[in-house]
Each structure stands twice: as structure tokens, then as C-alpha cells.
1. Which of the residues belonging to the stretch 555-593 are modelled with pLDDT of 85 or more, open to solvent by 30 Å² or more (accessible area, probe 1.4 Å) and either part of a strand (DSSP E or B) or within 30 Å of Met120 (Cβ to Cβ) (or both)?
2. So, restricting to strands (runs of 3 or more DSSP E) that lie completely within the stretch 458-530, which ones have at least 2 residues that are in contact (Cβ under 8 Å) with a residue 40 or more places away in the chain and over 30 Å from Arg619 (Cβ atoms)?
3. Let me confirm something: among Asp298, Asp395, Asp382, which residue is open to solvent by 20 Å² or more (accessible area, probe 1.4 Å) and either farther than 30 Å from Asn250 by Cα or of a type in the set (S, T, N, Q) (or both)?
4. If you take the residues of the stretch 344-372 that are under 30 Å from Phe64 (Cα atoms) and either touching a Phe, Trp or Tyr at 6+ places or on another chain (Cβ under 6 Å) or in a strand (DSSP E or B) (or both), which of them is most open to solvent (accessible area, probe 1.4 Å)?
5. Is one or more of the residues making up the stretch 277-285 at pLDDT 90 or above and part of a strand (DSSP E or B)?
6. Just give me the residues in the stretch 692-703 being under 12 Å from Leu723 (Cβ atoms) and surrounded by fewer than 18 Cβ atoms within 10 Å (Cβ to Cβ), in sequence order.
7. Go through (1) open to solvent by less than 40 Å² (accessible area, probe 1.4 Å); (2) not in a loop (DSSP other than H, G, I, E, B) for Phe292 and report which single condition fails.
8. Here's a check for you: in the stretch 474-496, which residue that is open to solvent by less than 30 Å² (accessible area, probe 1.4 Å) and in contact with a helix residue (DSSP H, G or I) (Cβ under 7 Å, 6 or more places away or on another chain) is nearest to Ser377 (Cα to Cα)?
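The values are calculated or read from the model by the stated rules, or taken from the named source; none is laboratory data. Everything numeric in this text was worked out from a predicted model, so none of it was measured. We place every Cβ from the backbone using ideal geometry, glycine too, and count neighbours over all the protein chains shown. These area figures cover heavy atoms from the full protein model, side chains too; ligands, DNA and RNA do not enter into them. Shrake-Rupley method; radii C 1.70, N 1.55, O 1.52, S 1.80 Å.
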Amino acid sequence: MQKFILSTLLFLTSLGLLAQTVPVHIKLTEPSKDPIVGATVRVLNADSSVAQAGITDTLGTVSFVLTPARPYLLIATSIGYRELRRSLAVSEQQRSFTFTLTEESQFLQEVQVTAARPLMRQEEDKLIVDPEPIVSTSTSTLEVLEKTPGLFVDPDGNVYLSSTTPATIYINGREQRMSTADIASMLKSLPPNSIAHIEVLRTPSARYDASGSGGVVNIVLKKGVKIGLTGSVNASFNQGSYGNQMLGLNLNNQVGKRHSYLNLNYSRRNTYERVETERLLANGNRIAQQAFTIFPSDVAYAGFGFGYELSPKWEVNYDSRINYNGTNSSSTNESIISTPDVSTLLSYNTNYLQNHSNVFSVSQGVTSKYKINEEGSEITTDFSYGYFENRGRQDYQTLFRLPQVTELAGDGEWTNRRHLWSGQVDARYKLPRQIALEAGLKSTFQGFNSGTDYFIGVGDQREQDNFRTNTFTYRDNINAAYLQGSKTFGAFLLKVGARLENTIMNGRQHIPSDTSFRINRTDLFPYLYFSRRVGKIAGYELRSYLVMRRSITRPTYEYLNPFARFVDQYLYETGNPALRPQFTQNYEVNISVDERPIFAIGRNYTEDIFTNVLYQDPRNPAVAYRSYDNLGRNAETYFRLLGAIPPGGKYFFVVGLQYNYNDYRGEYENSPLEFQRGSTTLFTYHQLKMGALTTLSLNGFYRMKGQLQFYELSNFGNVNLNLNRQLMNKKMLLSLSVSDVFFTNKYQFTLNQGSIAASGARINDTRRVGLSLRYNFGVRKREERSGMPDFDSLERNSR
């Protein structure tokens, strides 16, 4: 396969020397000859299939690469203008065309938008999600992901797409190389209305980092792209057993060649988690635990940036994000150890745990784009720096009532710091004969330092806890290069690529013992994408896709750090410095109708799979510890179905089903491991327009025989309701929401893993009633005259 892909890349490059296509420039103007900015232009083939599409720039122009003497139909649309349809006769001599659009005569209140923006649409190898219908019901970006059809977010913050391996989270095309808890904390602080759209890549191309076995979720944030000064103020709260409150401000400004934006958000959050477990000990006794934890926190976020158009071909942008999350969680855990028949209590105690943490992160990036020509060839650069710091303190106390009254107490402090530098250069060049070549280089450097200092109370004395005191340093450097090419053959599109990555990882534990590890390896990751126009169904284009990709999942510093984190006196968590990366080979076939995905089937082959495991502590049979280990291989088969009524009318919906079957084969506790499990997930989204100003929406999911690593879950799901009402000439949006209406987003679990046999239940503060208010304001330039529609209102109605 690797030889085939490399040979195909050379073949596509050589085809570019045979030029039979020409660049074509289209310009759209008003009757006054002023350019029309942001118009949608589509060029159709003779069979009505879309050959190419684009958006006019600030000069009112858009460029395509077309074949001379071939018949084309041009369709141009823009809000406030009548649709334009013209035949397009391209020749070597005639390559530039200018068309004038006629203005609509209606005023704003008479405009009826019929264009439909789907909630989800397929764009080559990625799924584009328009989050606007979900944003008004959410208080954070993490909630938006939780409510997006087809995505599943577990209670720890992992996001799952098609497989049981979590997806990699990107923001504005940059991988967030942090632990799951750190990413979840950041997504909770990111305001939902700062999202422009979400890109879901189940099998990312060679342009993306190979570290995405579970796929990629790229959150693209809004920037200052509106003409003039605009913004919004929003406030919301929701109440379950505990309450959340949020206040935010968004500003966007564009003046000439400059644009800027500012997003500020503050929220106060509180929620709870109740976990009940029962575990069989090695000596046959049983331990039953009931833990209740609350998580009050204060979260602040600031995002700002600016951009400048140095010339019609060159633009530069600067972006920065600052996050702060202060959490003070408290937990009460009652533990009872009894004989196998539960007739005699052997131990009874209560553990009190307090965690105080302050998490601060800052991310800065400078990007540039240089347009080589009008055919779409360009060079982009991206240089970024990120800093993350987590400081905290933990206090714990255990009161024993049986077999004798006694007390155990301790405390500790930790400081984690992470620096990440990244530089990337990408080039895209469009050749004749509808050939496109892409190439790029990327290098990242990460440094992580972790230090913990724990003490234990012995009588009236306070002594250092050597078991939990730890100092750990970690460094990695990943260098990558890729080459990717695509070619259109009539109804077919072929894209092949390969990515080469060199990984250097160094970890060293200084305290309590001096241990280290080093990894230096180079791997090749091929990629194949094939698309074919199959035909039409009721006038809609039907396309099929075949995607193949090899990827890697590297253990994060959280998985490698050997620091023992205290959970309670019977359980602690620790990393595994000997953890190896896992490799996944993915194959998927999917079908879409009019850019809307309807069916997919795929298979993942994973080697050296690592997962969360639970071991008995060899020093004490009553104590267990959670860690990560390489267990063997896994073959996962999945299929996905989607159906929808497109938006644009009074009612639309999306409904889907996904089935996953996993077959693990390997070794656990020096014994053969075999584990098979199939799970089914149903998900849906509905929206009903109850008049011109009111919208009712419903979304939810239901998972049957769920699975998280080797935990087998009971059936669970949720249903969310939202009612939107526009006020004050559509400048204000009032939303009433109810999350987890039937309080069904809770589950029971069982774990039968080697010598570990456990069961229990997990319940969170998921049923909530909320109210949010958003007010839009702005001063626009002359380009939006009084006869022009309100773009914000039209976009919301069209969605």
C-alpha cells in the first residue's frame, strides 16, 4: 500500500505537465459597479453536478480552473440580490467574465430566506457541523460537543467519534497536546458563541498529525470578519442540584484591511458526582464504597486577535487565548469491608478529601497566508507557543470506626508546568488538469515538569510521604513532513498522501528513585482517499467515499508520569513510564447525499493498544491502583446511518444510529485476554419553527450496551429541550432549556478484568433547567445599506 501511494503521488505530479485547463476569473458587481463581497458562486457541469464553487473576495472576484470548450452553467447568489444563472463559454482567449446582480426590492421584514444551511454536511474527507442551533442551549464549548449528533463525551471529557479510542482535539487547526482533564477544563472555559464551526475528521488526511487514531475534532473559532463594529453580550444560568452562571462579551471589528476581535467570558460552576462501587478482594472479602463529590469552580476566558491584509495576496493574523480555572472540590467516601456473605463487617471508615487547584494556560499564535495565484495556490505558516500551569493542594483524612477507632491524615502540594512550541509551513499548488499538490513541514517541542510533595500525619508528627512524593520531567520533539496530491477524473476524485514523522521522547523520574526512558523512532503514515459521484436521488447528488489511513496514538505525560495520586485509602492512580505508542490502520466507506452523510462502514485494526487498567496492589490486597498498559491488539468494526429533513422549512431533523463491535486479544496479568463487546448508539436533533420569532428544538442520544475501555455499561442516554424567542427587532435572543429531561444520563458498570471483579454506578448532576439571554449590537459600514438585510438575523433563520 505504501509503495502504491508513493507511486500515485509521482504520477499525479507528472500529469501536471500536461496543461489542458485554464484559470477563469469571475467578477460580480452591483448596478453601480461596486463589487459584491461574499457572494456564493457555483460552476455546474452539463449533468448539473457541481464542478467548482467559491466565495467572492473583497474585490468581488473568485477564480476557478476550467476546461476550454466544455459547457458550464454559472449560478451566483448573495443575500439582497436575485439569483443569477448564465451559460459560461470558456476559451483560451475568453477567461475573464463580469456579471451584474440585480437587487431585491423587498425590505428586510419582507425577505424570506429559502437557502438551507444543514446542521451537518460532508466536505471531502471531513464533516462540517454548524453549531448555531446548539449554541443557544449551551454554556460552554464542551456542552456544544456533548449535544452534537454523532459525538459522545464521557464524564471524564473524552470525545469519541467512530471508535473506542478518544478523538484528538484541535483548536483552529492546532493540536491541544494536554491531558484529558486539562483539555476538558479548557473547553469548559471556552464560550460557546465563539465557535464558527466544528470539523469532524474520522480519517484525517496526511496534512494532519498522525496522532489521531480516534479521529480529529477541530474547533474553529470566530474572528473579526464582519464589516464594521459588531458584538454581543450574553448571560445565562442553569440549575440542577447545583447552579452554573455565565456572563460574556464578544466584539468584532473590521476597518479596511484590518480586523480584530475580543471575547471575554466568566462563569461560576458547580456540579456533583456520585459513584457507588463494590469490588471483590483477593482474599475473598468484599469492599463497598459510596463516594459523593462536588466540583465548585470559577472560570475566566479571554480571547483576542487581529489581522492585517498586507496586500491582495498576503495576510497576517495574530491570535491569543488565556484561560483560568480555579476549582475547590470536596469528596466524602464511605467504605465497608465485609466477609463474602456480607454477614460480618470487618472495617468501616469514612474518607474526606479536599482538592484545591488553580489552572492557568495561555496560547499565542501567528499565522500568515500568501496567495501564489488566483487558482487557489497558496503558502500558509503557523507559529505558536503555549504555556500551561496547574498548581494545587490536597488534604485527606480517614476516620476508622471498625475494627477500632483511629484516624489517618495527610496532605500534599503539586505543581505541573508545560511549554509547547510549534512551527508549521504548508504549501498548496493547483496544477492544470484539476491536479492539486500539497506539502508541508512541522516541528513541535514540548517540555513538562511535575513536582509533588506529600506528607502524612503520624501521631502529632508530620512526616514526608515517600510513596507519593515525586519529581518527574518529560521532553518530546516531533518532526514531520508530508506530501499529498489529488486529481479529478470526471466523476472521480483521487487523493493520496504520505506523512513521515520522527518522534523523540525523554522521561526521567528524579524522586523517589532515579529512572528514565527514551524513545527515538521514525514512522511512515500513508493516506488514501477516493470519491465517486454515483448518481442522483430526487435531484440530489449521491457520492461515495473510500478512505484509508494509518495513525499513531502516543501516551501523554499524564499516562507516563509515575506520580501516585491519592483517590482514597483503597485506590490510587499512577502512570506507566514504560507505555508504548499504539498504531491503528483504519478503512472506511461512506455515502453522502447533497453533501449530507447518510451511511458509513469501517474497520480499525489497532496494535499495542493501551488502555486504562485496574490492578491489585501486591503489597496490600485491599488496595487497587489505576494505570495504563499495553494489552495487545483490537479489531473494531463499526457502521453509521444518518437520515434528515434539510433545514429551510418549518421543521427539520437529523436522526442517526451507530454500532461498534470490539474484539480484544492480548495478555493481562500474564494470562491470555479475550474480550468482545458490541454497543449501539441512537442520536437525534429536531427543530420546529413556531412562527417567525420562536423555535423549539430537541436533541438527545441513547446508548445500549455501552463500553468504556473494559468497563461494560448499562443502557443510558438523555433528552434535551430548548425554546428560543427573538425580541427587540431580532436583536435579542431569549432561550429556555432543560437538559437531561428524564434524568437518564447515568449508568451502571461492571468490570471483570483478570483478578479484578467490580461493579457499580455513576451519577452526575445532569438534569438542569437554564435560561440564557444574548443581545447583538453593531455599527456597520455603508456596504450594508438600509435596503440590505440583517445578516445575523438571516443566518439564524436560515439555520
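1. Passing the criteria: Gln585, Tyr587, Val589, Ile591.
2. Working: elements: 461-464, 470-489, 492-511.
By residue number, 470-489, 492-511.
3. Asp395
4. Step one: filter the stretch 344-372 for residues under 30 Å from Phe64 (Cα atoms), giving 366-372.
Imposing the further condition that a residue be either touching a Phe, Trp or Tyr at 6+ places or on another chain (Cβ under 6 Å) or in a strand (DSSP E or B) (or both) reduces the set to 366-371.
Details: Val366: 68, Thr367: 29, Ser368: 26, Lys369: 69, Tyr370: 96, Lys371: 74 Å².
Ranking the candidates gives Tyr370 first.
5. Narrowing the stretch 277-285 to residues at pLDDT 90 or above: 277-278.
Now restrict to residues that are part of a strand (DSSP E or B): 277-278.
Yes, some residue in the stretch 277-285 is at pLDDT 90 or above and part of a strand (DSSP E or B).
6. Applying the first criterion (under 12 Å from Leu723 (Cβ atoms)) to the stretch 692-703 yields 693-698.
Result: Leu693, Thr694, Leu696, Leu698.
7. (1)
8. Gly485
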